[in-house]
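K.L.:
The structure's right below; bear with me while I get my questions together.
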Amino acid sequence: MKNITHHGGNVHKLAASCGLEPEGLLDFSASINPLGPPEYFRSVISRNLSNILHYPDPDYSVLVQHICSKYKVAPENVVVGNGTSELIFTLPRLLPVSRCVIPVPAYVDYQRASELVGLSVENIYLSESQGFELDFDILAAALQGNEAVFLGQPNNPTGVAFDKHKLLELAKANPATFFIIDEAFSDFIPGDISLFAAVQNIPANIIILKSLTKFYAIPGLRLGFLRAEPELARKLRASLAPWGVNSLALALGEKMLADQTYAEKSRGIVGELRAGLLDMLRKVNGLRVFKATANYLLVKVVKPGWDAFALQEKLLEKGIAIRVCDNFLGLGANYLRIAVRTEEENIVLYEGLSEICGEKKIVSRKKKTPSLMFQGAGSDAGKSILTTGLCRVLLQDGLQVAPFKSQNMSLNSFVTRDGGEMGRAQVVQAQACRLDPETRMNPILLKPSSDVGSQVIVNGQPVGNMSVEEYVAYKPQAFKAAQEAYDSLAADYDAVILEGAGSPAEVNLKSHDIVNMNMARYAKAPVLLIGDIDRGGIFASFVGTMEVLSEWERRLVAGFIVNRFRGREALLADAFEYTMNHTGRPVFGVIPYLKNLGLPEEDSVGFKKGLFEKKAPEGGHVVIALIDLPHISNFTDFEPFLAEPDVHLLIVRHPEDLKKPDAVILPGSKNVIHDLNFLQSSGLAEAIGNLAEAGKTEVIGICGGFQMLGQRIADPHGIEAAGELDGLALLNMTTVLEKSKILVRQSGTHLDSGMAVHGYEIHHGQTPARETPALRDEKGSESGAVSKNKMIWGTYLHGLFDSDTFRHWFVENLRERQGLAAFSGRRSLYDLEPALDRLADVVRERLDMGKIYQLLGIS
């Protein structure tokens, strides 16, 4: 078998040889930084794209200034080229030499560039037994004074660096010899090996080349430069074509040269990856791996009857490319070069090589469970609903599927059977999968307690109240908990459908993201980006999001979903084509605007929006006023009323909106102290008190709202806001917020109606009531409180209105008090199953399920 390519990195030719698209090839043939381009790569390109309408600065003045600033050299010593290859091929025809000396193995184009201009080449063969180290005595003996010497620092392909101090001594001793030092890979090596900025008065016969291509992972842009004595540099600049470096490469080069963070991070990570790859490859029988210092390893095939071509052929069958070194003088067909890539990719190579060599060593790592993640072009784009719908589709198709959201920020929580707290959205998704909700599905829950802080709940239990800065510092621990929860969950199911949060394009959060792209990468989940077309600007959101994402994030995005569309889908064809042309990603489907779906909203914004859109029923009906507290929590307690045909659920923010409803509900609150202050300062407290005194409006408090009905609330431990505050004084009780939090599922009886109720409690408050109790649980314990006239009552039990019989009794009681006849129509049943199946029907019909299954890797 002949070598497929002259150089490494020809992914098009390599992929074609094994019947793959270039994107499907795992390329170990090109030694490019495994971290990929810096985070700012795309933003710099985008910002400077309009500059291609003009010629670039032919002197590259700004870039040269950055080079001089970074390396402490003078502008007259610097020459910029369209990659160092342009400079390597230009130097031999300018230097006053008749021959070249090249220690080999070495980068093949040193020899080619020399021979193209008719120079004779003497090769010095580096000794394999000496680890391919440069012998300066042998090199010195070969010098005659009329030659150029090409040296890699470090050497390509061996990865061995030489002693720069010995080189300086040799150059000073041989002033008639030019030493061309190629530092294309030197930035990968910690320590002081570079000559570019090593000394101010560098000998005039030393020329040093630097490439930005490999280290910054931009091989397609081409950018390099060299340092030489001023006269040679002048001649070299004069011999190069004008405008050889494009505007985009110049702009990016300026940014990269000023960036130390990426460089330091790369050296550390690449060093660890190289050590890990070296250790793995040395375990493969039939391979000898040479120690190196850069981002690649030289390997010799010693397995009898095999050579590097045989390995290349077998690896290409697995979609893996390597660099056969048969065209490196001093090596041959039994040598290969392997680039250092990511840990996961290095493991894939190791397992492939060990299998080919007859050992089949498998590295212990988590099993890849089929997974897919929905992310949004913004908040409230429909991620939760579509996750719910797809979960039900997969369940209908016979898969055991589970939902997962690593971090949820919501005041709408739920208590699991084992007393853990999680977001309600994942509870609905669990129901779509016909699973009992568990905190593995939502391991991190943030419950905002102020504009700048939240209670942090991990694996169902509170770990403390944290400010934004405190939580950012805590996030590494939180992400580890999320990863462990995901691994445990994924091991138990056939597939996992993940939900992101907000948008992956929130640049203020990307550096410490644990819920969007970082979680998708951990789960190896392709991402579908959802946009809400009803808001407008959806295609700009798709394109804009892709522009903000870094390269590794973009690779995770498989396509887009248009949500909440009203109209004919054919009208979107031009927009689909534009989006595909701009991003390279297709639209996987269009979900219509779904009215009255009958599923709980994922957040209070959607819940309130639904209330605003819902008109009062015609004919006789009751009005229930829901007080819109600033920190309202568990708003889904009241969603069952939305389906009742004779109930108008009125959201109230101001006293003038309250009027004279049949009932007022004070909902749960994540910050009772602040919300009680709001009631008092807004005038709502007085308005509610007046209604209670009139005795015609039933006043109900749930959890935090129940606490507000009492005489006083004390917070001695500063759980929400240290101090005490008077309550509404509608019930004779006092609440103290304790450090411990009660999390419990409850079933029992509503004492006044005798109806069975069920739900859950989540509260810090302890409220010994001196009123008649409202509920009795299964164990006989009584809780809650009811006024003597039974018009004011409260309980800690969330979800009691989910009980159809109790809710129907409650509404009929309000009708009777208003003088209305019993409702003669059919009352609603709060059963989500029909709604889940309706949603699944829409998802199945409107998404390309064939492509969805391909993304999941399920046939």
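K.L.:
Which strands (runs of 3 or more DSSP E) does region 681-763 wholly contain that include 3 or more residues that are of a type in the set (A, V, I, L, M, F, W, C)?
P.N.:
698-702, 734-750
K.L.:
Another question about this same structure. I'd like to check something: does region 577-588 contain any residue that is touching a residue at least 60 places away in the same chain (Cβ under 8 Å) and among the aromatic types (F, W, Y)?
P.N.:
Yes: region 577-588 contains one or more residues that are touching a residue at least 60 places away in the same chain (Cβ under 8 Å) and among the aromatic types (F, W, Y).
K.L.:
Filter region 737-752 down to the residues that are open to solvent by 30 Å² or more (accessible area, probe 1.4 Å), more than 41 Å from the chain's Cα centre (by Cα) and of a type outside the set (D, E) and list them by number.
P.N.:
T749, L751
K.L.:
Condition (residue is assigned to a helix (DSSP H, G or I), open to solvent by less than 40 Å² (accessible area, probe 1.4 Å) and modelled with pLDDT of 85 or more) applied to region 578-588: is it met by at least one residue?
P.N.:
Looking for residues that are assigned to a helix (DSSP H, G or I), open to solvent by less than 40 Å² (accessible area, probe 1.4 Å) and modelled with pLDDT of 85 or more, one finds at least one in region 578-588, hence yes.
K.L.:
Could I ask something else about it? Tell me the residue from E724, E720, E761 that is of a type in the set (D, E) and touching a Ser or Thr at 6+ places or on another chain (Cβ under 7 Å), please.
P.N.:
E720
K.L.:
Considering only residues of region 535-557 that are at pLDDT below 95 and in contact with a Phe, Trp or Tyr (Cβ under 8 Å, 6 or more places away or on another chain), which is most open to solvent (accessible area, probe 1.4 Å)?
P.N.:
Result: E551.
K.L.:
Additional query: Can you pull out the residues in region 435-449 that are at pLDDT 90 or above and polar (S, T, N, Q)?
P.N.:
Once the filter is applied, which keeps residues that are at pLDDT 90 or above and polar (S, T, N, Q), region 435-449 yields T439, N442.
K.L.:
Pick from D532, D513: which is touching a strand residue (DSSP E or B) at 6+ places or on another chain (Cβ under 8 Å) and either acidic (D, E) or modelled with pLDDT under 95 (or both)?
P.N.:
So the residue among D532, D513 that is touching a strand residue (DSSP E or B) at 6+ places or on another chain (Cβ under 8 Å) and either acidic (D, E) or modelled with pLDDT under 95 (or both) is D532.
K.L.:
Quickly run through region 200-217 and pick out the residues that are farther than 18 Å from N156 by Cβ and open to solvent by less than 50 Å² (accessible area, probe 1.4 Å).
P.N.:
Step one: filter region 200-217 for residues farther than 18 Å from N156 by Cβ, giving 200-206.
Once the filter is applied, which keeps residues that are farther than 18 Å from N156 by Cβ and open to solvent by less than 50 Å² (accessible area, probe 1.4 Å), region 200-217 yields I202, P203, N205, I206.
K.L.:
If you scan region 495-521, which residues turn out to be within 18 Å of Y474 (Cβ to Cβ), touching a residue at least 24 places away in the same chain (Cβ under 8 Å) and small (G, A, S)?
P.N.:
Once the filter is applied, which keeps residues that are within 18 Å of Y474 (Cβ to Cβ), touching a residue at least 24 places away in the same chain (Cβ under 8 Å) and small (G, A, S), region 495-521 yields only A501.
Condition check ((1) in contact (Cβ under 8 Å) with a residue 12 or more places away in the chain; (2) touching a strand residue (DSSP E or B) at 6+ places or on another chain (Cβ under 6 Å)) across all residues:
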{"position": "H764", "(1), (2)": "yes, yes"}
{"position": "G780", "(1), (2)": "no, no"}
{"position": "F810", "(1), (2)": "yes, no"}
{"position": "Q818", "(1), (2)": "yes, no"}
{"position": "D831", "(1), (2)": "no, no"}
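K.L.:
I've got another one for you. Being at pLDDT 90 or above, open to solvent by less than 10 Å² (accessible area, probe 1.4 Å) and either under 22 Å from G453 (Cβ atoms) or of a type in the set (F, W, Y) (or both) is the filter here; which residues of region 385-419 pass it?
P.N.:
F404, S406
K.L.:
Of the residues in region 491-527, how many are open to solvent by 10 Å² or more (accessible area, probe 1.4 Å) and assigned to a helix (DSSP H, G or I)?
P.N.:
6
K.L.:
Tell me which residues, restricted to region 468-490, are of a type in the set (S, T, Y) and either loosely packed, with under 13 Cβ neighbours inside 10 Å or farther than 25 Å from H764 by Cα (or both). Let's see the steps before the verdict.
P.N.:
Looking only at region 468-490, we keep the residues that are of a type in the set (S, T, Y), and these are 471, 474, 486, 488.
The answer is Y486, S488.
K.L.:
Could you pull out the residue among K210, K164 that is in contact with a Ser or Thr (Cβ under 8 Å, 6 or more places away or on another chain), within 29 Å of K291 (Cα to Cα) and at pLDDT below 95?
P.N.:
Answer to the check: K164.
K.L.:
What are the residue pairs meeting all of these: first residue in region 699-713, first residue within 11 Å of A729 (Cα to Cα) and open to solvent by 10 Å² or more (accessible area, probe 1.4 Å), second residue among the β-branched types (V, I, T) and not in a loop (DSSP other than H, G, I, E, B), Cβ atoms under 8 Å, and 6 or more apart or on different chains?
P.N.:
What qualifies is Q711/T734; R712/T734; R712/T735.
K.L.:
If the Cβ limit is 7 Å and pairs must be 6+ apart or interchain, which residue in region 465-482 that is closer than 19 Å to G453 by Cβ pairs with which residue that is part of a helix (DSSP H, G or I) and at pLDDT 95 or above?
P.N.:
Pairs found: M466/Y474.
K.L.:
Something else: With respect to A835, determine if the residue is touching a Leu at 6+ places or on another chain (Cβ under 6 Å) and open to solvent by less than 60 Å² (accessible area, probe 1.4 Å).
P.N.:
Considered against the rule, which asks whether it is touching a Leu at 6+ places or on another chain (Cβ under 6 Å) and open to solvent by less than 60 Å² (accessible area, probe 1.4 Å), A835 comes out as yes.
K.L.:
Give me a count of the residues in region 548-576 that are over 15 Å from the mean Cα position of the chain (by Cα) and not in a loop (DSSP other than H, G, I, E, B).
P.N.:
Number satisfying all stated conditions: 15.
K.L.:
Tell me, which residue of region 92-145 that is polar (S, T, N, Q) and free of Cβ contacts under 8 Å to residues at least 40 places away in the same chain is most open to solvent (accessible area, probe 1.4 Å)? Working first, answer last.
P.N.:
The first filter runs over region 92-145 and keeps only residues polar (S, T, N, Q), leaving 98, 111, 114, 120, 123, 127, 129-130, 144.
Cutting the leftovers down to free of Cβ contacts under 8 Å to residues at least 40 places away in the same chain gives us 114, 120, 127, 129-130.
Working: S114: 0, S120: 66, S127: 44, S129: 100, Q130: 123 Å².
That would be Q130.
K.L.:
Can we say F801 is closer than 30 Å to G420 by Cα, touching a residue at least 60 places away in the same chain (Cβ under 8 Å) and of a type outside the set (A, V, I, L, M)?
P.N.:
Against the criterion (closer than 30 Å to G420 by Cα, touching a residue at least 60 places away in the same chain (Cβ under 8 Å) and of a type outside the set (A, V, I, L, M)), F801 qualifies.
K.L.:
So how many residues does region 79-112 have that are outside any strand (DSSP E or B) and either within 20 Å of L212 (Cβ to Cβ) or among the basic types (K, R) (or both)?
P.N.:
Adding up the residues that qualify gives 15.
K.L.:
Determine if region 18-39 includes at least one residue that is open to solvent by less than 60 Å² (accessible area, probe 1.4 Å), within 30 Å of A505 (Cβ to Cβ) and in a helix (DSSP H, G or I).
P.N.:
yes
K.L.:
Quickly run through region 458-467 and pick out the residues that are assigned to a loop (DSSP other than H, G, I, E, B) and open to solvent by 50 Å² or more (accessible area, probe 1.4 Å).
P.N.:
N459
K.L.:
Same structure, new question: Sort through L684, L666 and tell me the only one that's modelled with pLDDT of 95 or more, within 17 Å of L725 (Cβ to Cβ), in contact with a His (Cβ under 9 Å, 6 or more places away or on another chain) and surrounded by 22 or more Cβ atoms within 10 Å (Cβ to Cβ).
P.N.:
L684
K.L.:
Run I67 past the list (1) open to solvent by 30 Å² or more (accessible area, probe 1.4 Å); (2) among the β-branched types (V, I, T); (3) outside any loop (DSSP other than H, G, I, E, B) and report the number of the one that doesn't hold.
P.N.:
Looking at each condition in turn, I67 falls short on (1).
K.L.:
Mind listing whichever residues of region 758-803 are in contact with a Phe, Trp or Tyr (Cβ under 7 Å, 6 or more places away or on another chain) and open to solvent by 40 Å² or more (accessible area, probe 1.4 Å)?
P.N.:
Passing the criteria: only S783.
The values are calculated or read from the model by the stated rules, or taken from the named source; none is laboratory data. These numbers were taken from a predicted model, which means no experiment stands behind them. No Cβ is skipped: glycine too gets one built from the backbone with ideal geometry, and neighbour counts run over all protein chains shown. Calculation scope for accessible area: heavy atoms of the full protein, side chains included, ligands and nucleic acids excluded. Shrake-Rupley method; radii C 1.70, N 1.55, O 1.52, S 1.80 Å.
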